[in-house]
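Peer 1: Mind looking over this structure? Questions follow.
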Amino acid sequence: MCRFTGCLPAVLLLVSTFGSVHADDWLRFRGPNGQGVVEGEYPLTWTRQQNVKWRAELPAPGNSSPIVVAGQVFITQATDQGRQRHLMCFDRSGGTELWRRTIDFGKVEETHKTNPYCSASPVSDGERVVCWHGSAGTHCYDLAGELQWSRDLGTFHHIWGEASSPIIHGDNVYQICGPGERTFVIALNKRTGETIWESPMEPDGSVSDKGRYVGTWATPVVVTVDGQQQLLCALHKRVVAYDLTSGQELWSTAGVSSQRGDLVYTSPLVTKTEAVVFGGYGGPMFAFRLGGSGDVTEANRMWHIEKQWHPQRIGSGVILGDKIIMANADDPGSVQCFVLATGETLWEERRTGAGPHWGSIIHNGDKLYVQGQKGAIQVLSANPEKFELLAENDLGETSNSTPAFSDGEIFIRTHEALYCVSAE
């Protein structure tokens, strides 16, 4: 049984109203529709002494990414070996912690040492914030921290923990629940938490009966196919498109599996008509056309590339026109460019400064921001024809997260602190 508690710093007593929702708010993991694209002007360079507006100390390491809503910054956070799981709210202007809502889970679950508990990022529609704490439940709060509803969706066990973030689209919250022995995709009413539909996946556990690692940590995206909006989920064996309203499985394509396992960490990269998915743990990369009915593996496949060993892919890449840019989690870290139509490698660059890339790429105009695990964010040219490093900004703290971008400011989560980077 989980117990809800609230932490209300004295500063909140001075806050009677919250800012209105801004068009530049960053409401979910990787921003609008999870594709990692943001418009506007953002800082090119910073250090701990320059262009850092504020730094807020965090109580423990964490991999989730911040979101920015109505003048507030939210992150999920675990403490006490995951026995306590929190949603933390900070004032955007100065970094003061406004409130913290805690679920007393009271148990220590298995996870990987590089994947602390509460790796799923929160999501908002501008009125409420929803967080998935894995076995500790799904919880919805208003922007003042008042609990709106909670759901216990069951126990999820995997030797590497969880990370798939919820998304909000229309009236529903959508979540890939897993990995674990019981895994499913679910839609919840965002106002009440009521189950709208639930679609089971193939059970995965941690290791298959063939001794291969299995699981998905991907976050879903919404695509439009022939005028119909669909939920696209990269699962551990297939990529599946669901009807948003009913949960009906509309079409699917195989391609994730490899000799080493059925694993996927990255979210699908999509255009109006195509999608690209990268398998995890050296797994394959493949592209396919959106749409159809039933199993469209052969009918829709554009290409599928499986090598003896691809680089490890944890963070998601971006599509730039007819090219794909991917930052890899191998050591010392590499960036690759592929041709979207064929999967051909155009170039590859290994960079020692930033280390492995667990964070996802963010595309801003003529720049790409890539978070390195060692603490540096590399800013690359968004010209896909060649690799060009524009800047390297090292905060000196480990980070497996993806920055949030909002109204000219960058919000960076490390294992030690939350930063606001601003050129003003």
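Residue by residue, here is whether (1) within 23 Å of the chain's Cα centre (by Cα); (2) surrounded by fewer than 20 Cβ atoms within 10 Å (Cβ to Cβ); (3) not assigned by TED's automatic domain parsing to the domain that holds GLY280 holds:
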site: ILE305; (1), (2), (3): no, yes, no
site: ASP331; (1), (2), (3): yes, yes, yes
site: VAL339; (1), (2), (3): no, yes, yes
site: LEU368; (1), (2), (3): yes, no, yes
site: GLN371; (1), (2), (3): yes, no, yes
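Peer 1: Identify the residue in the stretch 183-202 that is in a strand (DSSP E or B) and among the aliphatic types (A, V, I, L, M) and, among all such residues, is surrounded by the fewest Cβ atoms within 10 Å (Cβ to Cβ).
Peer 2: ILE196
Peer 1: Going through the stretch 285-314 one residue at a time, which ones are in a loop (DSSP other than H, G, I, E, B), of a type outside the set (Phe, Trp, Tyr) and either under 15 Å from LYS237 (Cα atoms) or at pLDDT below 95 (or both)?
Peer 2: VAL296, GLU306, LYS307, GLN308, HIS310, PRO311, GLN312, ARG313, ILE314
Peer 1: Which one of these is modelled with pLDDT of 95 or more and assigned to a loop (DSSP other than H, G, I, E, B): GLY180, GLY161, GLY145, GLY154?
Peer 2: Going through GLY180, GLY161, GLY145, GLY154 in turn, the sole match is GLY145.
Peer 1: Need the failing condition index for MET326 against (1) surrounded by fewer than 23 Cβ atoms within 10 Å (Cβ to Cβ); (2) assigned to a strand (DSSP E or B); (3) not assigned by TED's automatic domain parsing to the domain that holds THR216, just the number.
Peer 2: The single condition MET326 does not satisfy is (1).
Peer 1: For THR224, state whether it is hydroxyl-bearing (Ser, Thr, Tyr) and more than 22 Å from the chain's Cα centre (by Cα).
Peer 2: The answer is no for THR224.
Peer 1: Across the stretch 247-262, what is the number of residues that are over 20 Å from ALA299 (Cα atoms) and either touching a strand residue (DSSP E or B) at 6+ places or on another chain (Cβ under 6 Å) or aromatic (Phe, Trp, Tyr) (or both)?
Peer 2: 3
Peer 1: Then there is this: Let me confirm something: among ILE67, ILE103, ILE75, which residue is at pLDDT 95 or above, farther than 30 Å from PRO268 by Cα and of a type outside the set (D, E, K, R)?
Peer 2: The unique qualifying residue is ILE103.
Peer 1: Now for a different question. Does HIS112 satisfy being outside any helix (DSSP H, G or I) and crowded, with 16+ Cβ neighbours inside 10 Å?
Peer 2: no
Okay, residues lined up against (1) in contact with a helix residue (DSSP H, G or I) (Cβ under 6 Å, 6 or more places away or on another chain); (2) in a strand (DSSP E or B); (3) buried (at least 19 other Cβ atoms within 10 Å of the Cβ):
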residue: THR47; (1), (2), (3): no, no, no
residue: ARG55; (1), (2), (3): no, yes, no
residue: ALA60; (1), (2), (3): no, no, no
residue: ASN63; (1), (2), (3): no, no, yes
residue: VAL68; (1), (2), (3): no, yes, yes
residue: GLN77; (1), (2), (3): no, yes, yes
residue: HIS86; (1), (2), (3): no, yes, yes
residue: CYS89; (1), (2), (3): no, yes, yes
residue: SER93; (1), (2), (3): no, no, no
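Peer 1: Any residue that is of a type in the set (Asp, Glu) and farther than 23 Å from CYS420 by Cα - is there at least one of those in the stretch 145-154?
Peer 2: Yes: one or more hits.
Peer 1: So GLN175 ticks every box in (1) in contact with an Asp or Glu (Cβ under 9 Å, 6 or more places away or on another chain); (2) within 21 Å of ALA234 (Cβ to Cβ); (3) buried (at least 24 other Cβ atoms within 10 Å of the Cβ) but one. Which box is left unticked?
Peer 2: Answer for GLN175: the failing condition is (1).
Peer 1: Take the residues in the stretch 237-284 that are assigned to a loop (DSSP other than H, G, I, E, B) and of a type in the set (A, V, I, L, M); name whichever of them is surrounded by the most Cβ atoms within 10 Å (Cβ to Cβ).
Peer 2: Step by step, filter the stretch 237-284, then rank; the result is VAL256.
Peer 1: Can you tell me which of ALA234, ALA287 is closer than 27 Å to ARG350 by Cβ, more than 19 Å from the chain's Cα centre (by Cα), touching a residue at least 40 places away in the same chain (Cβ under 8 Å) and crowded, with 20+ Cβ neighbours inside 10 Å?
Peer 2: ALA287
Peer 1: Now a separate question. When the stretch 329-362 is examined, which residues are found to be over 19 Å from SER64 (Cα atoms) and assigned to a strand (DSSP E or B)?
Peer 2: Passing the criteria: SER334, VAL335, GLN336, CYS337, PHE338, VAL339, THR345, LEU346, TRP347, GLU348, GLU349, ARG350.
Peer 1: From the list ILE176, ILE168, ILE186, ILE196, exactly one residue is touching a Pro at 6+ places or on another chain (Cβ under 7 Å) and closer than 21 Å to VAL240 by Cα. Which is it?
Peer 2: Answer to the selection: ILE176.
Peer 1: Which one of these is more than 29 Å from ALA120 (Cβ to Cβ), out of contact with any Leu (no Cβ under 7 Å at 6 or more places or on another chain), touching a residue at least 24 places away in the same chain (Cβ under 8 Å) and hydrophobic (A, V, I, L, M, F, W, C): TRP309, TRP303, TRP358?
Peer 2: TRP303
The values are calculated or read from the model by the stated rules, or taken from the named source; none is laboratory data. Remember, it's a predicted structure, so these values are computed and weren't measured experimentally. Cβ atoms come from the backbone with ideal geometry, glycine included; neighbour counts cover every protein chain shown.
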